[in-house]
Amino acid sequence: MPKKKKIKGKGMKGMSIKSGDKRPTKSGAGMTAKGVAKYRKNNPGSKLKTAVTGNVKKGSKDAKRRKSFCARSAGQMKKFPKAAKDPNSRLRQARRRWKC
């Protein structure tokens, strides 16, 4: 089995709501365009993008990204039932913003 490449970078370290990298839960959680740009700069090779929030054509790349995010975050809802019950949790707010 081939070894996985380890991505060099800081990850989410240094990202905060105050610095404008993350959205506060009141405005839908998730990351801002500024935060995504900062993340991609700190983590070369990253393909991170902002949320798909508008109306999208069925079967388009954005529609597939949304479907994929919603499936992944549904798993998070199962893993973290406390966050799933709280309507103001970052998880629930982000799902609402993505229109899951």
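The values are calculated or read from the model by the stated rules, or taken from the named source; none is laboratory data. Nothing here was measured: the structure is a model prediction, and the numbers come from that model. Using ideal geometry, Cβ is built from the backbone for each residue, glycine included, and neighbour counts are taken over all protein chains shown. What goes into the accessible areas is simple: the full protein's heavy atoms, side chains included, and nothing from ligands, DNA or RNA. Shrake-Rupley method; radii C 1.70, N 1.55, O 1.52, S 1.80 Å.
Structure above, values below:
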item: Residue-wise HN-Hα coupling along the range 10-20, computed from phi with Karplus coefficients 6.51, -1.76, 1.60 (Hz; x: Gly, Pro); result: 8, x, 8, 4, x, 8, 8, 6, 4, 7, x
item: Residue-level accessible surface for PHE80, protein heavy atoms, 1.4 Å, Å²; result: 90
item: Under the Karplus curve 6.51 cos²θ - 1.76 cosθ + 1.60, θ = phi - 60°, whole-Hz ³J(HN,Hα) for the range 77-92, x wherever Gly or Pro sits; result: 4, 6, 5, 10, x, 5, 5, 5, 7, 7, x, 9, 5, 4, 4, 5
item: Cross-link table LYS26/LYS99; LYS10/LYS34; LYS47/LYS78; LYS64/LYS85; LYS78/LYS99, entries beyond 22 Å C-alpha to C-alpha; result: LYS47/LYS78; LYS64/LYS85
item: Unit charges on C-beta of K, R, D, E only; dipole of the chain, Debye; result: 340
item: From the coordinates shown, percent of Cα pairs over 22 Å apart corresponds to which of (1) 40; (2) 25; (3) 45; result: (1)
item: Calculated [θ] (222 nm, deg cm²/dmol) that DSSP helices of n ≥ 4 give over the chain, each run adding -39,500 (n - 2.57); result: -12500 deg cm²/dmol
item: Relative contact order of the chain, pairs being alpha-carbon contacts under 8 Å that are 6 or more residues apart, as %; result: 26
item: Long-range HN-HN contacts of MET31 with modeled amide H, under 5 Å; result: ARG23, ALA51
